[in-house]
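Step one of this worksheet: look at the structure below.
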Amino acid sequence: MGKQRVLSGVQPTGNLHLGNYLGAIRNWVEVQREYDNFFCVVDLHAITVPHDPKTLANDTYTIAALYLACGIDLEYSTIFVQSHVTAHSELAWLLNCITPLNWLERMIQFKEKAIKQGENVSVGLLDYPVLMAADILLYDADKVPVGEDQKQHLELTRDIAIRINDKYASKGKTVLKLPDPLIRQEGARVMSLTDGTRKMSKSDPSEMSRINLLDSPDAIEKKIKRCKTDTIKGLTFDDPERPECNNLLGLYAILSGKTKSEVALECQDMGWGQFKPLLAEVAINSLKPIQDKYKEIMDNRDYLDSVLREGRHKAEAVANQTLTRVKNALGYLPPL
Ligand code: AMP
Ligand code: TRP
């Protein structure tokens, strides 16, 4: 039997932060050998909120280079840009027409983002999860490694696939494969440095709330020095009154490679003044190799272009087949 297929993606909006790395990309890297992987830079998703045309192309390069810098290996994985494979937009349209509006109105991320946007909510923002479903279903993905916040979108993707299969599959067959989320417990929800009850997010207006993968050592040190803590002596996990403490200890554990119980023991008598420099040091040291590799790749644009060109060809070969399968099932006249 061949390997199972994995598909995932990140939007080229702003800088990647530790939440994106620990919740998503690091997990892609860890399991990539076991699967046949497709990782896309989801640039069509990036314009669901107001965007800057001057930076979109470069942000797209940045995310692709960061995939490679974080350890995505082209022997096991294909990296491509979503907008380069036109089947994504086309399948999204077909899925739009079978997706009930009230399924989309229920999406938590839509509600959260819509509140932030105020008057300025586009149809695209509401439709975003259908495009995401198209991304996944085009590749017959078995597994979709994401952070916890994407779980509801994965459920929607399955519901859309089930609906297509129910309505349009011929007896005993399916049109679309049902994917499963792959959500690791640790790192699945990295919280903001300025508020331990909110997730670390690209869209938080405060730079101090997140550590970006490309932050300088000085910036990392400063952000950790100023991050929100509490006045209780001794550091512990899982105290509901101390969300910041739980988050920072969790980050320290993941980045240092120590287990939760090792960290709990190490930090039980510490104060913040002792702990923060330790956390800053592991964060800086973990990101240094990624940053070095990133610079090398960004300096070699021809190489990056060739990676994305080859990625597009491989992705198109798979995606176009699925699109044809769906169009046939819906009864379209094939191109003559
Ligand atoms: P986005 O930044 O929305 O493009 O998210 C890209 C990936 O990072 C998705 O798989 C998210 O689930 C994951 N992710 C984003 N923010 C966090 C966070 N604070 N903690 C864990 N995972 C996250
Ligand atoms: N919605 C995802 C996020 O914001 C990004 C995304 C788009 C995605 N298409 C995808 C993730 C397909 C996994 C699979 O994080």
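The values are calculated or read from the model by the stated rules, or taken from the named source; none is laboratory data. Quick caveat, the model's predicted, so the values are computed rather than measured. Here the Cβ is made from the backbone with ideal geometry for all residues, glycine too, and neighbour counts use every protein chain on show. Quick note on the areas: whole protein, heavy atoms, side chains included, nothing else; ligands and nucleic acids left out. Shrake-Rupley method; radii C 1.70, N 1.55, O 1.52, S 1.80 Å.
In the range 1-39, which residues are outside any helix (DSSP H, G or I), closer than 21 Å to ARG198 by Cα and near ligand 2 (Cβ under 10 Å from one of its atoms)? Full working, then the answer.
From the range 1-39, those outside any helix (DSSP H, G or I) are 1-17, 35-39; that's our starting set.
This time we only want the ones that are closer than 21 Å to ARG198 by Cα, so: 10-11, 13-17.
VAL10, GLN11, THR13 - these are the residues of the range 1-39 that are outside any helix (DSSP H, G or I), closer than 21 Å to ARG198 by Cα and near ligand 2 (Cβ under 10 Å from one of its atoms).
Do we find that GLU119 is open to solvent by 60 Å² or more (accessible area, probe 1.4 Å), in a loop (DSSP other than H, G, I, E, B), over 16 Å from GLY9 (Cα atoms) and at pLDDT below 95 in this structure?
yes
Run VAL41 past the list (1) touching a residue at least 60 places away in the same chain (Cβ under 8 Å); (2) closer than 20 Å to GLN150 by Cβ and report the number of the one that doesn't hold.
(1) is the only condition that VAL41 fails.
Yes or no: the range 90-107 includes at least one residue that is within 15 Å of ligand 1 (Cβ to nearest atom) and either at pLDDT below 95 or over 30 Å from SER306 (Cβ atoms) (or both).
yes
Among the residues of the range 122-146, which ones are open to solvent by less than 10 Å² (accessible area, probe 1.4 Å) and either over 20 Å from PRO100 (Cα atoms) or more than 7 Å from ligand 2 (Cβ to nearest atom) (or both)?
Result: LEU125, PRO129, VAL130, ALA133, ALA134, LEU137, LEU138, TYR139, ALA141, VAL144, PRO145.
Are any residues in the range 166-220 more than 23 Å from LEU137 (Cα to Cα), open to solvent by 50 Å² or more (accessible area, probe 1.4 Å) and part of a helix (DSSP H, G or I), and if so, which ones?
GLU207, MET208, PRO217, ASP218 - these are the residues of the range 166-220 that are more than 23 Å from LEU137 (Cα to Cα), open to solvent by 50 Å² or more (accessible area, probe 1.4 Å) and part of a helix (DSSP H, G or I).
Which one is nearest to LEU213 (Cα to Cα) among residues in the range 31-53 that are acidic (Asp, Glu) and away from ligand 1 (no atom under 14 Å from the Cβ)? Quick ask: steps written out before the conclusion?
The initial filter retains those residues of the range 31-53 that are acidic (Asp, Glu), namely 34, 36, 43, 52.
If we keep only those that are away from ligand 1 (no atom under 14 Å from the Cβ) as well, we get 34, 36, 52.
On the way: GLU34: 26, ASP36: 26, ASP52: 21 Å.
Among those that are acidic (Asp, Glu) and away from ligand 1 (no atom under 14 Å from the Cβ), it is ASP52.
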